[in-house]
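Chemist: Take a look at the following structure, please.
The values are calculated or read from the model by the stated rules, or taken from the named source; none is laboratory data. Being a predicted model, the structure only gives us computed values, none of them experimental. Here the Cβ positions follow ideal geometry from the backbone for every residue, glycine too, while neighbour counts run over all protein chains shown. Accessible surface areas use protein heavy atoms only, side chains included; no ligands, DNA or RNA. Shrake-Rupley method; radii C 1.70, N 1.55, O 1.52, S 1.80 Å.
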Amino acid sequence: SSGINAEWPLRPGPKKKAKKEASSSDESIDDDFDDCSSRGLEPGGYWLEEKRMRRIQVRQFKGKPLIDIREMYMGANGMAPGKKGISLNVTEWRKLVKLIKKVDDEILKIT
């Protein structure tokens with residue numbers, strides 16, 4: 001057997017979930033940026049979503065600036081960075097910033 005399922009084209013795919021209508025929080029995303037605080041974070045850190053403990057922070061590692069986007073957790077010694085996240089160097093950050101408009105356009109296509 002070649003490992004290919006001969007019935008594959010005939011089987012219906014998984015059902016797609018119905019799209020959610022935009023909530024008031026989606027529509028007022030610009031208002032959320034006014035509430036970005038640095039409460040409880042080191043200098044250069046800002047909450048993306050404080051309830052879910054997601055933050056963005058500009059920091060140095062081995063003398064180079066990094067933009068760290070990460071989930072935090074409460075450890076034995078207080079708040080600590082979790083494993084879930086990404087650190088971008090300045091080149092990657094600037095590339096991401098240039099892609100924001102394209103990503104926003106793609107979001108609009110599927111919402």
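Chemist: Just to be sure before I move on: is S87 among the hydroxyl-bearing types (S, T, Y), in contact with a strand residue (DSSP E or B) (Cβ under 8 Å, 6 or more places away or on another chain) and modelled with pLDDT of 90 or more in the structure I sent?
Modeler: Yes: the conditions hold for S87.
Chemist: Looking at this structure, is K62 at pLDDT 85 or above and open to solvent by 100 Å² or more (accessible area, probe 1.4 Å)?
Modeler: yes
Chemist: Please enumerate the residues belonging to the stretch 38-56 that are surrounded by fewer than 13 Cβ atoms within 10 Å (Cβ to Cβ), farther than 21 Å from L96 by Cβ and within 17 Å of the chain's Cα centre (by Cα).
Modeler: Scanning the stretch 38-56 gives a single hit, K51.
Chemist: Within the stretch 57-71, is there a residue that is more than 19 Å from V97 (Cα to Cα), within 16 Å of the chain's Cα centre (by Cα) and in contact (Cβ under 8 Å) with a residue 12 or more places away in the chain?
Modeler: Yes, there is a match, as at least one residue in the stretch 57-71 is more than 19 Å from V97 (Cα to Cα), within 16 Å of the chain's Cα centre (by Cα) and in contact (Cβ under 8 Å) with a residue 12 or more places away in the chain.
Chemist: Could you check the stretch 67-88 and list, in sequence order, the residues that are closer than 14 Å to E42 by Cα and open to solvent by less than 30 Å² (accessible area, probe 1.4 Å)? Spell out the reasoning first.
Modeler: Applying the first criterion (closer than 14 Å to E42 by Cα) to the stretch 67-88 yields 67-70, 72, 78-81.
Within the stretch 67-88, I67, D68, M72, G78, A80 qualify.
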